[in-house]
Structure formats: structure tokens, C-alpha cells
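Below: the structure, in C-alpha cells.
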Amino acid sequence: MLDLIKLIKHHGYQAINDIRKAKLMDTHRGFPVIDEAKYSGNWQDVADCCPVKAISLNPVAVDLGKCIFCGECEKISNGAIEFTNEVKLASSNREGLIISSGNNYDIYSKEAVKSKKEIHKLFGRSLKLRQVSAAGCNGCEMELGACGNVNFDMGRFGIDFTASPRHADGIVFTGPVSKNMAPALLDAYKSIAAPKIVIAVGACAISGGLFAESGQINRSVLDEIKIDLYVSGCPPHPLTFINAVLDFLGIK
Amino acid sequence: MNWIEIKNLQTVPLSEIPRPGIDEFRNEVIQKVKSGNRLVQFFGNKNSDKIILYAVIADDDVAKLFVSSMEIFPGGAYNSITPDVPSAHLFEREIFEQYGIKPEGHPWLKPVRKGIAGIDKAETQYEYFSMSGDEVHEVGVGPIHAGIIEPGHFRFSCHGEKVYHLEIKLGFQHRGVEDLFVRNNSRIVYLEKLAESIAGDTVIGHAETFAGAMESLAGISVPYQVKIIRAIALELERIAIHLGDLSALSGDIAYLTGNSVFGALRTKVINTTMAVCGNRFGRGLIKIGGVNFSITQELSDKILETLNKLDDETVLAAEVLFSSASVLERFEKTGIVETEVAKEIGMVGPAARASGVAIDIRSDHPSGAYEYFPHHKLTLSTGDVFARAYIRFVEIQQSIKIIKEQLQNLPETAADKTGGGLNRKEIILKPDSLVVSLTEGWRGEIAHVLLTDKSGKIERIKIKDPSFNNWFGLTLAVRNEGISDFPICNKSFDLSYSGYDL
């Protein structure tokens, strides 16, 4: 008993106080900043080094919906594409994930995720989500799980994951959507009562990621599922996910 | 000679692999396993109009691997080895699914990854076992589970609360990983990243195993400091997952202090990995021929400080967990896998060691930094949830010790972000060769076998996550247990779906 008290006292208070302002360590690869002038070599080489073909040229742009944040382009371009430690990497629309040298993080972090009044009214104080892993590798799943742990404590905002789609206001899916999971993903989506929201988490969910060209995935089911929020990363850090959802809900 | 004898990470020309006749090959495999060796891999490769089946068997006592092969036409049949070697059951199902080669007399020749969702009627459909009798019922769970975890289907055949049999149907996660490796065999960077995504909870384990195989095929030897950084990353991964599992096990029995405390400790470990390479799971660290990030003296001191604190905090938390009566009541004598059973079905990793089977690649087939120091295998004997939980605790302590020692051996070198002088375009693999790469991931033995074609391109990769061996262990562990004990049995194994489904 005394050991238990000692343990709890030692454990103390672990939660990050201000999720909105929390900073990650410098090594973390987050929002990319592009400065074309920094690299005088052939940009085609930079585009070719990308394992997920996320880099397009003229102008140079990185598609965060494909990017797995491996940092290969940063090395080869001598930092002309530089991954900062900034965590806000989400957007309300697919095009919003394409970052070029014109994008400034301060503006991006405020504007990329649009919040609607009716969403704020419906879900601003309580949002229950059902997670479906549609062939995710367990990376995104572990980070989504971590959102609820003592460090990030997403529950403080009334945002939780439920065990059943019937209890949920929306769906969070991860993974490139394998053929074998496509029917189950659609079932879960249909089981949620309207109005409902859909959040795609991670490069695989948004674009197929490393598996985009596999014959074993079936992304055609996504034609029937309207995605409201795209959260980038491989996997997205819990701070990225929580901030994205808070922005989406219009919570300051 | 019906076998060629090799070592972990030793490249061998395909022409030197013996090819006995089908019956002889079959007898040889059975003999080898019955005389105490272990079936590591058994898989096919298409060679013009024939299929070559390769078997890799390990003699863990003397750090040797034996490879043999046989050839057969697609759609052919041979007498199954599963009745004699139960650990071959999934390999034979896989070969049947991929090449239509039928192991006659296989007790349950069911699909592994195809035909499981009932989408394509042309595929062999999955049929469950059923149980009949008064008051017998079945409970189906999945593919989508209640928690934030990967999908799979569990079907319990029960009488009242008691589970008579658990059937685990996987394959929902199938992404065609092996096929992607082969189709993109000239895109080295892509392959490195794909290896990291075989199982997202074993990023370092799979990336190291793949890099090791490629380096052996290309004749690249990596510097000592690279080996140390890889070993440190592998041990950090082990500590993080073990802590996470102790947290989840605590959560499953409503011991919330353990759930919170171990969860917070895990965060500190994965943040240490992020301090090294910029990602909490170690993505981007390993590359073929080296590592992308080095550990400076300053970082080394920080890691040491974190680990020293972590060591004390883990002991404190574990002592409370493992001395609490309400915890022990749930853990002890629950989900037992006997030593003989674990051996027979080919279990690996901490789950096998908790059942008294002393297999640990770090000491049995050491590679990298593990070649430079003796690694002591830790085993327990009871094979229950308690043993599978407690072994996590002792392995955490052991891993902390390993990292602390290795940090001291780390030569001081400047950060290398440019690629260590190795241009990936210069990676040329030996043609017509085979290599077996084994690593002790946190879950157990990770085995990649790579075969190259005559132009030195990867022609076949056979990936085995330890989950492939251990899922059947979970099936046997829950037999005769109450169905409510399933969550802790499951979590005590903590197996990968994507690593199995590929």
C-alpha cells in the first residue's frame, strides 16, 4: 500500500498543460518549409528520391497527403526542403495539403483547417469517434491510442474513441484501405447516424502512401465516404491529431 | 548432402542449395525438426514453369542455419509435413494459397490472406470450425475491434463462459507487401521505407533485418558505430513496447495506476527515440549501409540520464504491479502454454521464453553489435499471462543495461546526414543468391529471406514477423479459459496483424 502511494506521488501530474501551444523537440520532422533558392542542383533528383512521389516541380511543392516525413529530400536538397518541428499538418480539403514555397506556417496553421459553425454547435463540447484501421500498420493506431493517454489526455476536450460506430459521431480511418477491409470500413461508416464526420489519418489513409500502387488495396469505397478532415503524418504525432480536431471543431 | 549449412546473414549462391527429390526433402525436414532443430522459413519461389520450395531450419545451439529445396509444378501435391511438424502448418497453407501446391493430409488447409472477406467468389472461401451440442454457442468478434487496434476476426466456440476453441481469421490487412518489394526492386529508398512499414510497431526490427540482408547481398560491411546505434534503437523499441504492453495489461484488468504509470514511462522512451532520429517509432533511422543519424556525446548523456531514471521508475511500478493480489489473481495460471506445446508449434520471442523455450536470436544467431558481447537469455517456466507479463519487466531491465553499456562503447563521431559516403545507386547485389536475415525484434524472431535473380535484382522476399509463429499460441492459450480472460491473454502476446497479413 505504501509503495502504491509512493508510486502515485512519484508519477505526479503528467499531462501537457497547453496542447495548443505545446512544442516538440527540434529533431521532430513536421511542417516543411521550401526555399528553392537554397538548392542549385537538379530538382528532378530531389523529386525522384521521394519514395512516395510527394514532390512536384515548377513550383516545388510537397504533398503532405503523400509525404511520409522520412527526410530524404531534406538531405539531398541540402535543406532547401526543410522539415521544421511544427505540428499543425492538417487540412479540411485535399488540395490544402500541398505545400509550396508560398506557404507560411503561421498562416497555414490558422487557415488550413476550416471550422464550421454547425460543427462547433453539434460537436464542440462532445465528439465521439470510431476508429477503423483499414490495413494501417499499427503506427497511426498507436499514435491515436496515445492521444488518450495521461500525457495528451484528449478526453479533457470531450473527444473520445468509442467501441461501437453506433455510439459515434464520426469515423477516423487509417491505412491504405485493403481490399479485405473495404467492406468493413463502409459498414462502419454506414452504421454511424448522420450528421457524421470523417477524418483520414496518415499518408496511407489520405493517398495510399507507400501502398498506393499495390494491387491489394481498394480505394474505390472512398467514393462513398466524404472526408471532412485530412491529418498528415507517418504516423501523425498525437499533438498533430488533437490540434487538427480542435481546429475543426472551432475550439480555441 | 541434402542441406547447405550457412550462418545468419551469409549470402549463398542459389546453385549451391541442394535439391533432393520431394520425398527425400520431406523426410529430411521432418528428421531435422524432430532432432531438435527449428523450422524458420518454408516458402515457394516461381522459377520458369516450376515452383521451388525452400526450407530454412535453425540449429540454435550452434548458430547454424540449414537450407534445402525441392521443385514441384504449380497445382502439384505432396504429403503434408504438418502432421509430423506442427510448426509447418501456416507455411503450408501459405504455399497452397500462393502457388496451388497441395499438402495432402494437412489438417486445416484454410486460406491465410485471400478469400477471407468473401469478396471474390473465385478464391477459396474461408470456412470456420463449428461445435455442436446443447447450450453451445459461438462468439464472433471483428474484423473491427472495440479498441484502436488493427483488424482481424476472432471466433470463440464456447460452452457457457468457457472457451473450447478460438479460431483466428486474419488477412484483412493484406497490402501485398512482398509483391511491392519485388516490383520496386530498383528503388532502394522506397524499399527501406517499405521495410519500416511491414509492421508499424516493429519499425526498427524489420528495417534492420531488411538492411542486414541487403548489406550481405551487396557485400557491404557497416562500421562499428552503426551497429551500436542500431542495437540501441532496437533495444529502445523493445523497452517502449514492453512498457506499453504492461500499461495495456494493467488497463485490461482495471488496474488504472499501472495503466497510467507505464503509459507515461513509454512516452519517455519513444521520445528518446525521437531525440535520436526525429520519429517516435524510429522511422528514418536505418538505411542500407548505415544509419541516417548519429548519437552525439550530449545526446548520449541525455539518454543515459533518462534510462537511469526509467530504471528506478520501472522497478517501483513493477513491484507494485506484481505484488498486488488483485493483479496476480488475474495473471497467474491464466492462458497457459506448456513448454512442449510452445516448442512444437514453433513459438518464438518473449512469449516462447515465458513458456520455458530458450530462443533468442541475440545470443543464438547474433549479428551486428550483439556479436561483440555475450547476451544472456532470460526464461521463465509457467507460460501463463503472468510469465508473459513478468518477462517484459525483466527484459526492460536487461535492455536498459545493454543500452547503457553500448553508449559507453560509442565512438565519438560527428553527425552524418549525407549518406556516409555510400551512394545508394552503387548498391549492387550478388546475382542468383539467397540470404537469410534474422533479428530478435521485441516480439521475437524476425526472418527475412531474400533471393536475387541473374541480374542481381530482388526476385523474391519472404518476410516472417514473429506473429506468424505466435498467433497459434494465443489460440491454444485461451482454451478452457473464461472468455473474459481473452483480452489479457491477447495483450500478453500483443501480436501484429499487419506483420502477419503483409
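For region A:1-30, a residue qualifies if it is more than 9 Å from every other protein chain (Cβ to nearest Cβ) and more than 30 Å from the chain's Cα centre (by Cα), and the qualifying residues are A:MET1, A:LEU2, A:ILE5, A:LYS9. Listed by position, the strands (runs of 3 or more DSSP E) inside region B:37-80 whose residues that are of a type in the set (S, T, N, Q), assigned by TED's automatic domain parsing to the domain that holds B:GLU92 and within 14 Å of B:ALA447 (Cα to Cα) number at least 1 are B:38-47. For region B:72-125, give me each residue that is open to solvent by 40 Å² or more (accessible area, probe 1.4 Å), touching a helix residue (DSSP H, G or I) at 6+ places or on another chain (Cβ under 8 Å) and farther than 30 Å from A:ASN218 by Cβ. B:ASN79, B:ASP84, B:PRO107 - these are the residues of region B:72-125 that are open to solvent by 40 Å² or more (accessible area, probe 1.4 Å), touching a helix residue (DSSP H, G or I) at 6+ places or on another chain (Cβ under 8 Å) and farther than 30 Å from A:ASN218 by Cβ. In the set (1) at the interface with chain B (Cβ under 9 Å from one of its Cβ atoms); (2) over 18 Å from the mean Cα position of the chain (by Cα); (3) free of Cβ contacts under 8 Å to residues at least 60 places away in the same chain, A:VAL150 fails one condition alone, (3). Can you pull out every residue in region A:1-42 that is open to solvent by 30 Å² or more (accessible area, probe 1.4 Å) and among the charged types (D, E, K, R)? If the condition is that a residue be open to solvent by 30 Å² or more (accessible area, probe 1.4 Å) and among the charged types (D, E, K, R), then A:ASP3, A:LYS6, A:LYS9, A:ASP18, A:ARG20, A:LYS21, A:LYS23, A:ASP26, A:ASP35, A:GLU36, A:LYS38 are the ones that fit. For B:TYR190, the stated conditions hold: it is of a type in the set (Ser, Thr, Tyr) and either open to solvent by less than 10 Å² (accessible area, probe 1.4 Å) or within 12 Å of chain A (Cβ to nearest Cβ) (or both). Looking across region A:86-101 at every residue that is among the polar types (S, T, N, Q) and assigned to a loop (DSSP other than H, G, I, E, B), the one that is nearest to A:VAL245 (Cα to Cα) is identified as A:SER92.
Scanning region B:129-178 for residues that are of a type in the set (A, V, I, L, M) and modelled with pLDDT of 90 or more gives B:VAL136, B:VAL139, B:VAL141, B:ILE144, B:ILE148, B:ILE149, B:VAL163, B:LEU166, B:ILE168, B:LEU170, B:VAL177. The set of residues from region A:164-184 being open to solvent by less than 20 Å² (accessible area, probe 1.4 Å) and within 25 Å of A:GLY124 (Cα to Cα) comprises A:ALA168, A:GLY170, A:ILE171, A:VAL172, A:PHE173, A:THR174.
Please go through region A:31-58 and give me each residue that is facing chain B (nearest Cβ under 10 Å) and not charged (D, E, K, R), ordered by number. Explain how you work it out, then say what you get.
The initial filter retains those residues of region A:31-58 that are facing chain B (nearest Cβ under 10 Å), namely A:48-53.
Selection gives A:CYS49, A:CYS50, A:PRO51, A:VAL52.
When region B:310-357 is filtered for residues that are surrounded by fewer than 24 Cβ atoms within 10 Å (Cβ to Cβ), among the polar types (S, T, N, Q) and assigned to a loop (DSSP other than H, G, I, E, B), the ones remaining, listed by number, are B:SER323, B:SER324, B:THR334.
Can you report the number of residues in region A:168-218 which are within 18 Å of the chain's Cα centre (by Cα) and outside any loop (DSSP other than H, G, I, E, B)?
19
Report yes if some residue within region B:296-303 is closer than 18 Å to A:ALA15 by Cα and part of a helix (DSSP H, G or I); otherwise report no. Looking through region B:296-303, none of the residues is closer than 18 Å to A:ALA15 by Cα and part of a helix (DSSP H, G or I).
The values are calculated or read from the model by the stated rules, or taken from the named source; none is laboratory data. This structure is a prediction, so every number in the text was calculated from the model and none was measured. Note that we place each Cβ from the backbone using ideal geometry, even for glycine, and neighbour counts take in every protein chain shown. Surface accessibility is based on the protein's heavy atoms, side chains included, excluding ligands, DNA and RNA. Shrake-Rupley method; radii C 1.70, N 1.55, O 1.52, S 1.80 Å.
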